[in-house]
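Comments concern the structure below.
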Amino acid sequence: MLRHEPPVRFVPWTTALAHIDVAGTTIPKGSPVRLMPAAANRDPERFANPDRFDPDRKDNGHLGFHTGIHYRYGAPLARIELHAAVPELLRRVEFSRLVEDPPPYRANAVPRGPRHLLVAIEGLTSDSRSRRPAKQGAVGSAGLIGNRCDRQS
């Protein structure tokens, strides 16, 4: 998902630390550089069918976490959360739907994503080993998934 729809589409605050040659052009030391991880994640020379969302993609060396602390701590934490939380959620939830489809997106591109994501959940159980049948049309619980970066976005 991070390769296909990354939260950070471009990084506008990077500076060349040395002279860099890119495809025959020299970027001088100290020049501002705009990194485009979203474009790199869709590079057809790197990924077969780059615009296709494929959660089972084997060759998935994406730039969704960029570098530094986001990569060192973010990537392993996201993997743990994905392997623990998603299967548990799927065991406990009978049906879910977006309250607003599509959800409202932030006006800016860094970070990109929904301002909030309201999800109606039906048939929620408290025990992961059993599933309570959902009542027709009854909403058992509603969740709000958001990001604290909602300031002016």
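What follows is calculated from the coordinates using simple rules that are stated; it is not laboratory data. Predicted model only: the values in this text are computed from it and were never measured. Note that we place each Cβ from the backbone using ideal geometry, even for glycine, and neighbour counts take in every protein chain shown.
A few remarks follow.
- Each label was represented as a point 7 Å from its Cα along the Cα-to-Cβ direction; for VAL119 and GLU88 these points are 1.3 nm apart.
- Distance-filtered residues of segment 1-32 - backbone nitrogen under 16 Å, label point 7 angstrom along ASP56 Cα→Cβ: 1
- Difference of contour (0.36 nm per residue) and Cα-Cα distance, MET36 to ALA23: 3.1 nm
- Extension gain for ALA16 to GLU45 (0.36 nm times residue separation, less C-alpha to C-alpha distance): 8.0 nm.
- Approximating the spin labels as points 7 Å out from Cα along Cα→Cβ, the MET1-to-VAL99 distance works out to 1.9 nm.
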